Amino acid sequence: MAKAEPLAAIVLAAGKGTRMKSSLAKVLHHVFFKPMVMHVLEAIEPLQCDLKIAIVGHQRTAVEQTLEGTGAVCVYQAEQNGTGHAVLCAERALENFSGNIIILCGDSPLLLPQHLAEMIESHRRSGSMLTIITTKLDDPTNYGRIISDEAGLVKEVVEEKDASIEQKKISEINAGIYCARKEFLFEALSKITTDNAQGEMYLTDIVGIAVKSGLAVNKYIHPEPSHVLGVNSRVELAQAHHTIRHRRNLELMNAGTTLENPQTTTIGPQVQLGENCTIGQNVTISGTSQLADNCIIHAGAFLNNVELGDSVTIGPNAVVEECHLKGGSTVAPLSHMKRSDST
Ligand code: UD1
Ligand code: MG
């Protein structure tokens, strides 16, 4: 993707994620074989940012280790005083940067690069200081609501906990993804307060601050409402996993694999399938498994880190791990094979 002017990204990943009811930091919970924050880093990769910053706090060391190799600079937010405070923590790391900054939440693993690129393009075209991503949800509960004026222009974002009964009925929500010019961003952040129901510095307040200073806030309406999902609970964690698994299954079917019941099939992101394989229902294939052409995997099989030659048949409910099976082999139903060499 072509880049017109410098672009930095800030990924917010310091929060505990209280609603997950977990001892593990929220952004480290796995969604489709990876910590959810890694999906966010992958979504911004094609944008070729000049600088990537991750705000870390809760379980800082574990989050930093997870982010190793992504090129993100980790900045520590010692106390989690809200999303606005989290972005303020990045100010020093951005001292020598000028240009646009995109801000994303580490708990939004379903975003795709093309929509982020479209949002940045819309921001540049608009000439605005601030662009936000919004979308309409059938159930907007827990998201920040977009308050607009009679002309449909964005006025402010109101969080669920601060919203009136009338405001809670608004279905247009804040996706938690922003693109702002650096000089505007930190000027606006210097004005936010903790005067709200949660006593936190809300990043969302920069929207109202822009409007009050006479600046129009541009919005990019996300064309796929389900992609803005912010994972705050185990239910949303399962939804995110399901969505990415389904995307992967569609890709595989479009590339020529038969999935007999795709709703029940899990094929990990690093798995490679040859041509014309058939996968029965309730099959899981994970790790770095490689299947050559014409393999048949019957219902209920579980394969992890396997290498299968051409036309291998795996019987129903077999468990095969770390094995290399020669072309034409057959594995009996219900067998359990682990780490045997070439059979
Ligand atoms: C936030 C938005 C809300 C939006 C929603 C989209 C605010 C105030 N609200 O709400 O309008 O609809 O996302 O999913 O921004 N974090 C930190 N440091 C902190 C607090 C949070 O790094 O001090 C990180 C969290 O780790 C998380 C992200 O910021 O990755 C968002 O925080 P979260 O508590 O999930 O905000 P929401 O209530 O979902
Ligand atoms: Mg959230």
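Summary of values
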| read-out | value |
| --- | --- |
| Pairs where the first residue, in region 227-245, is among the aliphatic types (A, V, I, L, M) and the second is open to solvent by 60 Å² or more (accessible area, probe 1.4 Å), C-beta under 7 Å, 6+ apart | 229/239 |
| Close pairs from region 100-128: first in a loop (DSSP other than H, G, I, E, B), partner basic (Lys, Arg), Cβ under 7 Å, at least 6 apart | 107/26 |
| Restricting region 89-125 to residues that are of a type in the set (Asp, Glu) and farther than 21 Å from residue 242 by Cα, the residue that is most open to solvent (accessible area, probe 1.4 Å) | 95 |
| Among (1) open to solvent by 70 Å² or more (accessible area, probe 1.4 Å); (2) closer than 19 Å to residue 270 by Cβ, the one test that residue 321 misses | (1) |
| Pairs where the first residue, in region 157-185, is without any contact (Cβ under 8 Å) to a residue 12 or more places away in the chain and the second is buried (at least 22 other Cβ atoms within 10 Å of the Cβ), C-beta under 6 Å, 6+ apart | none |
| Output for region 4-24, where each listed residue is in contact (Cβ under 8 Å) with a residue 40 or more places away in the chain, open to solvent by 40 Å² or more (accessible area, probe 1.4 Å) and more than 15 Å from ligand 2 (Cβ to nearest atom) | 4, 5, 6 |
| Failed item, numbered, when residue 253 is tested on (1) on the phi > 0 side of the Ramachandran plot; (2) not in a loop (DSSP other than H, G, I, E, B) | (1) |
| Whichever residue in region 61-73 is part of a helix (DSSP H, G or I) and touching a strand residue (DSSP E or B) at 6+ places or on another chain (Cβ under 6 Å) and, among such residues, is farthest from residue 94 (Cα to Cα) | 66 |
| Matching entry among 75, 154 (being more than 16 Å from ligand 2 (Cβ to nearest atom), in contact with a Cys (Cβ under 6 Å, 6 or more places away or on another chain) and not polar (S, T, N, Q)) | 75 |
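The values are calculated or read from the model by the stated rules, or taken from the named source; none is laboratory data. Computed from a predicted model, the values in this text were never measured in an experiment. Because the Cβ atoms are built from the backbone with ideal geometry, glycine has one as well, and the counts that use them run over all protein chains shown. For the accessible areas, the whole protein counts, side chains as well, though only heavy atoms, and no ligand, DNA or RNA atoms are used. Shrake-Rupley method; radii C 1.70, N 1.55, O 1.52, S 1.80 Å.
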